Amino acid sequence: MFSKIVLATVATISLTHAVDDFSSERLLGIEVGYTTVNSSNAIGQNISNSNPELGLRLGAQNKEWRTTVHASFMSAKNGTKYQKAMIDFDRFVWASLYKTDSIVFKPYLGGHIGWLHYTDDFTSANGLAYGGQMGLTLNVLNQVDFDLGYRYTMSDVSKVNDISSFVFSANYLY
């Protein structure tokens with residue numbers, strides 16, 4: 001319960017601060033991905049489930065930083081499910097900002113922290129999740145950009161070893 005209160009407080013403060021500082025570039029997006037969850041079953045045998053993932057994101061950005069809150073969901077055919085609610089912090093490491101560029105490329109590195117709910121046939125557990133990410137943002141229109149990225153997530157949920165996700169998202173900038 002304490003970790004949920006701390007995460008909610010951090011999310012609220014981060015978004016409030018981000019909206020004040022980056023009010024010209026807030027974003028709302030959807031994401032799809034392909035996720036592999038490495039977990040352990042009841043007898044300790046390692047299991048790997050790979051399935052599509054869907055998510056929503058809300059955040060703010062400037063030329064150097066992006067802060068987003070995202071929620072994503074995955075459901076496997078064998079009954080394994082997870083839901084994540086995360087705060088992402090990304091640093092744009094470079095941007096092609098030449099006047100002749102019709103598409104702006106912005107590679108990024110970042111980290112995330114949040115909450116994970118994992119369910120399988122025998123267990124339902126909640127816990128802290130954290131990890132890193134990297135990717136490329138393509139700004140194709142003044143108000144639309146696309147992300148292609150990779151996320152690696154670890155968790156304190158005893159059944160979950162790690163989660164790897166390749167994610168594509170479309171963001172509306174307002």
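What residue, of Ala170, Ala129, is under 21 Å from Thr80 (Cα atoms), at pLDDT 95 or above, touching an Asp or Glu at 6+ places or on another chain (Cβ under 9 Å) and not polar (S, T, N, Q)? Walk me through how you get there before you give the answer.
On the way: Ala170 fails: under 21 Å from Thr80 (Cα atoms).
Among Ala170, Ala129, only Ala129 is under 21 Å from Thr80 (Cα atoms), at pLDDT 95 or above, touching an Asp or Glu at 6+ places or on another chain (Cβ under 9 Å) and not polar (S, T, N, Q).
For segment 40-58, name all the residues that are part of a strand (DSSP E or B), loosely packed, with under 12 Cβ neighbours inside 10 Å and touching a residue at least 40 places away in the same chain (Cβ under 8 Å). Steps first, answer last, please.
Kept after step one, since they are part of a strand (DSSP E or B), are these residues of segment 40-58: 40, 46-58.
Subset that is loosely packed, with under 12 Cβ neighbours inside 10 Å: 46, 48.
Across segment 40-58, the qualifying residue is only Asn46.
What number of residues within segment 144-160 are among the polar types (S, T, N, Q) and at pLDDT below 90?
Of the residues in segment 144-160, the ones among the polar types (S, T, N, Q) are 153, 155, 158.
Checking the rest, the ones that are also at pLDDT below 90 come to 158.
Selection size over segment 144-160: 1.
For residues in segment 108-128 being in a strand (DSSP E or B) and hydroxyl-bearing (Ser, Thr, Tyr), which is nearest to Arg66 (Cα to Cα)? If you could, list the steps in order and put the result at the bottom.
Step one: of segment 108-128, the residues in a strand (DSSP E or B) are 108-119, 124-128.
From what's left, hydroxyl-bearing (Ser, Thr, Tyr): 108, 118-119, 124.
Working: Tyr108: 9, Tyr118: 27, Thr119: 31, Ser124: 32 Å.
The residue in question is Tyr108.
Working only within segment 23-57, note down all residues that are in contact with a Pro (Cβ under 8 Å, 6 or more places away or on another chain) and under 20 Å from Tyr172 (Cα atoms).
Taking segment 23-57 as the starting set, the residues that turn out to be in contact with a Pro (Cβ under 8 Å, 6 or more places away or on another chain) are 32-35.
Selection gives Val32, Gly33.
All but one of (1) outside any strand (DSSP E or B); (2) at pLDDT 80 or above; (3) over 16 Å from Leu173 (Cβ atoms) hold for Tyr98, so report the exception by its number.
The single condition Tyr98 does not satisfy is (2).
Of these, Val157, Val167, which one is β-branched (Val, Ile, Thr) and outside any strand (DSSP E or B)?
Matching residue, one of Val157, Val167: Val157.
Exactly one condition in (1) part of a strand (DSSP E or B); (2) among the basic types (Lys, Arg); (3) closer than 16 Å to Thr35 by Cα is not met by Lys77; state its number.
With (1) part of a strand (DSSP E or B); (2) among the basic types (Lys, Arg); (3) closer than 16 Å to Thr35 by Cα applied to Lys77, the lone miss is (1).
Do we find that Met134 is surrounded by fewer than 16 Cβ atoms within 10 Å (Cβ to Cβ), modelled with pLDDT of 90 or more and more than 19 Å from Phe92 (Cβ to Cβ) in this structure? Can you show your working first?
Working: surrounded by fewer than 16 Cβ atoms within 10 Å (Cβ to Cβ): yes; modelled with pLDDT of 90 or more: yes; more than 19 Å from Phe92 (Cβ to Cβ): no.
Considered against the rule, which asks whether it is surrounded by fewer than 16 Cβ atoms within 10 Å (Cβ to Cβ), modelled with pLDDT of 90 or more and more than 19 Å from Phe92 (Cβ to Cβ), Met134 comes out as no.
Could you give me the residue pairs with C-beta distances under 7 Å whose first residue belongs to segment 143-160 and is on the phi < 0 side of the Ramachandran plot and without any contact (Cβ under 8 Å) to a residue 40 or more places away in the chain, whose second residue is surrounded by fewer than 18 Cβ atoms within 10 Å (Cβ to Cβ) and part of a loop (DSSP other than H, G, I, E, B) wherever it lies, and which are 6+ apart or on separate chains?
That search, which allows pairs on different chains as well, returns Gln143/Tyr174.
So is Gln61 among the polar types (S, T, N, Q), surrounded by 19 or more Cβ atoms within 10 Å (Cβ to Cβ) and in contact with a strand residue (DSSP E or B) (Cβ under 9 Å, 6 or more places away or on another chain) or not?
So Gln61 fits the description; yes.
The values are calculated or read from the model by the stated rules, or taken from the named source; none is laboratory data. It should be emphasised that the depicted structure is a prediction, and the values quoted were computed from it without experimental measurement. Here Cβ is always computed from backbone atoms with ideal geometry, including for glycine, and neighbour counts include all displayed protein chains.
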